[in-house]
Amino acid sequence: MMISAMLIFKGLKNLHLGMSNVNSFLTIFMIGAAVWMGTFVFAKSLKRKDLGKSTFQMFSWMQVFTACGFAFSHGANDIANAIGPFAAIMDVLRTNSVAAQNAVPPIAMLTFGIALIVGLWFVGKEVIKTVGTSLAEMHPASGFTAELSAASVVMGASLMGLPVSSTHILVGAVLGIGLVNRNANWKLMKPIGLAWVITLPAAAVLSVVSYLILQAVF
């Protein structure tokens, strides 16, 4: 239901389908009921099988959808963090004025989308390994919970116009699983937490220095 809400209220709103809020919520509840019924029928068929293994198998299938939901929410927020200032700068250079809203050129969206894919391709493996295996012991059920929780928070922030870090939120979700299961890796959390504190002022200082250098040169 949460993933359906992401698509209806965020992903498909630009298609102008003309769905009212009542129709949207009815559609979400119908999808939720269908998924619940499918899960219920599958669970009924597991009476004579290894319940633990079958449960993890069911959640491993459901993780496909939560992973897609988190990827969708990631693109809805994190790319905006980078492309928003870029679009504003391009608009200022083009019009010599600052506007409240700026249109993002399609070529810019395509370029930043490719940049995200390239970053995930070369660096994502290490991040996935660290968050998925080193921070806390995970299995399909806990992974499903962490992905759905993180996707919900990121999408909620996107709907409210708040720029957030999807990676930080997912780390928090995984850490929450570790707290419940009492297997969180606090030694690994220390450098992660330090990075959270350092990145914001470091980026601000680097921006100031770069601006002053460019201003002096040009």
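Listing for the model above:
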read-out: FRET efficiency, 1/(1 + (r/R0)^6) with R0 41 Å, evaluated for Phe86 and Ser134 via beta carbons; value: 0.80
read-out: Sequence-distant lysines (8 or more away, or on other chains) whose Cα lies within less than 24 Å of Lys129; value: Lys53, Lys187, Lys190
read-out: Most mobile of Ala150, Ala99, Ala136 in a GNM of the chain (Cα contacts under 10 Å); value: Ala99
read-out: Segment 128-208 pair-distance distribution - Cα-Cα, 5 Å bins, rounded %; value: 3, 14, 22, 21, 18, 13, 6, 2, 1, 0
read-out: Descending semi-axes in whole angstrom, ellipsoid equivalent of segment 1-112, from the Cα gyration tensor; value: 42, 19, 8
read-out: Relative frequency of Cα-Cα separations exceeding 17 Å in segment 131-172, percent; value: 32 percent
read-out: Cα gyration tensor shape of segment 70-218, rounded if a/c is under 1.5, else prolate or oblate by comparing a/b with b/c; value: prolate
read-out: Calculated FRET value between Ser97 and Thr199, using beta carbons and R₀ = 35 Å, to 0.05; value: 0.70
read-out: Fully extended contour minus Cα-Cα distance, from Lys187 to Ile213, at 0.36 nm per residue; value: 5.5 nm
read-out: Euclidean distance between Cα centres, segment 190-217 to segment 1-53, Å; value: 43 Å
read-out: Relative contact order for segment 66-218, counting Cα pairs under 8 Å that sit 6 or more residues apart, in percent; value: 31 percent
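Values quoted throughout were computed directly from the atomic coordinates according to the rules given, and no laboratory measurement underlies them. Since the model is a prediction, treat every value here as computed from it, not as a measurement. Methodologically, a virtual Cβ is constructed for each residue, glycine included, from the backbone with ideal geometry; neighbour enumeration extends over all protein chains shown.
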